[in-house]
Amino acid sequence: MSQFDFDLFVIGAGSGGVRAARIAAAHGARVGICEDSRVGGTCVIRGCVPKKLLVYASHYAEDFEDARGYGWETGPVQFSWKTLIRAKDVEIERLSGIYRRLLAESGVQLYNGHGSFIDPHTLRVGEKTVTAGHVLIATGGRPWMPEIPGIQHAITSNEAFDLEQLPGRVAIVGGGFIACEFAGIFNGLGAQVTQLYRGDAVLRGFDHDVRRVVGSELLKKGISLKLEADVLGIDKTASGLQLALTNGEKLEVDQVMYATGRVPLVRNLRLTEIGLDVKADGRIVVDDYSRTNIGHIYAVGDVTSRVNLTPVAIYEGHSFADSVFGGRARPVEHDFIPSAVFSQPPVGTVGYTEEDAISHYGPVDVYLSEFRPMKHTLSGRNEKTLVKLVVERDGQKVVGIHIVGLDAPEIVQGFAVAVKSGLTKEQFDSTIGIHPTAAEELVTMRNPARSHG
């Protein structure tokens, strides 16, 4: 590969691309990478990290209220959106700088500019041309919005992080995890929030008990949740934005945010021009080693639409680098991947939903517990925690864990190791719980709430 400028060139310096570049360089490869935005990608710049910072901020209103139940007297409090966004920006720039430093320390050459293919081994990056023996596409995804009248007046999560002021009335369109998270953020920070979703329950694809509990809790928080409703058009008026809904209602708000899904970011890469297999939605087709139909070109992360989570992109990027440059074949397994929704209360989940477990395994037992968390016995808050185990009957393996409640993502991260390792219900039962915790429910539930098959 000495006839090329690089052994590997990576298009996109997000989480997956940066990990792949660093690991490949550690294996001795000459690596270049390009990015036309800030280094760090969606997760660091306009996704997971800033979102969770805003989630933390939005919790304080309830924390101040809950403190009174524990004997704390709190005086008048006030919130500054500008202060929050300024602090968020400082932290995001710090993290982006760390990513840039890690690339430099790894010997990876960073190009600031948009990368696109001239031919399968040659790329144009800004005004420069580079050649590479292998190319990795790691450009991620972008928010999708429908083509309806007035859609230019709406924003997505990208813009939500940089609003100049907190809107007083917000409409969130969508029922997925981004929609539920931002509904909680804006509501907790003091906005009047209406969430619109065309389905009959939020969080499509999650376990039905999770969907039920999260929907109920959204309403308890004061969010106006309108199900089986969608937006026909948006009109700008003297007093705000007026939404015409499919149920015949009119809704006036100050800001409309769409969280209706994401699509692969492949615009202007010239993929079809070089013969790459790309689906109509932009998804790049890859095998278990992230290899495309062109043998030396690979793709990882959201641009492949396999499992669109940051840790998955990182794992795919690392596996790619080990397989191609490290002499260690590492296909990527996409089963039993834990995930979280930082809604309020949050969700943690790993493995099969109850419905999918029945389809996959046949007979299953379901263990279920719903209760008020200990924190709220004194705070008085009417908030529920859900803990659910799905167990396949024949081998008694725990194949699904679903939690809604305080610390759910932290709990599931630990238990995901047990599920991935195939531990049984008996092994869960033989583990002594930590008391008093919500997590102990996972090792103390003895009788199935439901059995199928």
Estimated translational D of the range 327-453 in µm²/s (Stokes, Kirkwood radius over Cα pairs; 10 °C; 1.306 mPa s): 105
With contacts defined as alpha carbon pairs under 8 Å and 6 or more residues apart, what's the relative contact order of the range 302-355 in percent? 21
For each cysteine in the chain, check whether another cysteine's C-beta sits under 4.7 Å from its C-beta; list those where none does. CYS34, CYS180
Please compute P(r) over all alpha-carbon pairs of the range 82-205, binned at 10 Å starting from zero, and give each bin as a whole-number percent. 10, 27, 27, 24, 13, 1
Work out how far the C-alpha atoms of the range 141-279 reach from end to end along every principal axis, then list the three figures in whole Å, largest first. 52, 42, 30
Shape call for the range 334-377, from the Cα gyration tensor axes a ≥ b ≥ c (a/c under 1.5 means rounded, otherwise prolate when a/b beats b/c, else oblate), comes out oblate
Mind checking the dipole of the chain: about its Cα centre, +1 per Lys or Arg Cβ, -1 per Asp or Glu Cβ, Debye to the nearest 20? 520
Convex hull over the Cα atoms of the range 261-313, averaged projected area in nm²? 3.8
Which net charge results for the neighbourhood of ALA57, defined as the other residues with beta-carbon distances under 11 angstrom from its beta-carbon, given Lys and Arg at +1 and Asp and Glu at -1? +2
For the range 26-149, what's the relative contact order in percent, using C-alpha pairs closer than 8 Å and at least 6 residues apart? 34
For the range 291-331, what's the radius of gyration and Dmax over Cα atoms, in angstrom? 10.1, 27
Kirkwood hydrodynamic radius (Cα pairs, Å) of the range 6-124? 16.8
Could you sort the peptides 174-181, 153-160, 8-15 by per-residue average Cβ neighbour count (10 Å cutoff), highest mean leading? 8-15, 174-181, 153-160
Treating cross-link reach as a plain straight distance, find the lysines whose alpha-carbon is under 23 Å from the alpha-carbon of LYS88, omitting any fewer than eight places away in the same chain. LYS51, LYS52
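Which value, in debye to the nearest 20, gives the size of the charge dipole of the range 164-294 about its Cα centre, when Lys and Arg are +1 and Asp and Glu are -1 at the Cβ?
About 60 debye.
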What does the net charge come to around GLN255 if you take all other residues with beta carbon closer than 13 Å to its beta carbon, with K and R at +1 and D and E at -1? -3
Highest first, please rank the peptides 29-42, 75-88 by the mean number of other Cβ atoms sitting within 10 Å of their residues. 29-42, 75-88
Per the Cα gyration tensor, the range 217-278 corresponds to an equivalent ellipsoid with semi-axes, largest first in Å, of 36, 17, 12
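Which value in deg cm²/dmol, rounded to the nearest 500, describes the helix-derived mean residue ellipticity at 222 nm for the chain, given -39,500 (n - 2.57) per DSSP H run of n ≥ 4 and division by the residue count?
Values: 12 runs with 140 residues, N = 453.
It comes out at -9500 deg cm²/dmol, rounded to the nearest 500.
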Would you please classify the overall shape of the range 1-40 from the alpha carbon gyration tensor, given that a ≥ b ≥ c denote the square roots of the eigenvalues, rounded means a/c under 1.5, and beyond that prolate means a/b larger than b/c while oblate covers the rest? oblate
Accessible solvent surface per residue of the range 7-99, calculated while the other protein chains remain in place, 1.4 angstrom probe, Å²: 47
For the chain, what log10 I(q)/I(0) values come out of the Debye formula at q = 0.07 1/Å, with one point per alpha carbon and no solvent? -0.41
Given bins 5 angstrom wide, list per bin the percent of all Cα-Cα distances in the range 311-386, short to long. 3, 11, 13, 14, 13, 12, 12, 10, 6, 3, 2, 0
Using the Kirkwood formula on alpha carbons, the hydrodynamic radius of the range 76-119 in angstrom works out to 13.6
For the range 111-172, state the average projected area of the convex hull of the C-alpha atoms over all orientations, rounded to one decimal in nm². 7.1
Of 98-104, 274-280, ordering from highest average Cβ density within 10 Å down gives 98-104, 274-280
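The values are calculated or read from the model by the stated rules, or taken from the named source; none is laboratory data. Source: prediction; values computed, not measured. Neighbour counts run over all protein chains shown; Cβ positions are idealised from the backbone, glycine included. Heavy atoms of the whole protein, side chains included, go into the accessibility calculation; ligands, DNA and RNA do not. Shrake-Rupley method; radii C 1.70, N 1.55, O 1.52, S 1.80 Å.
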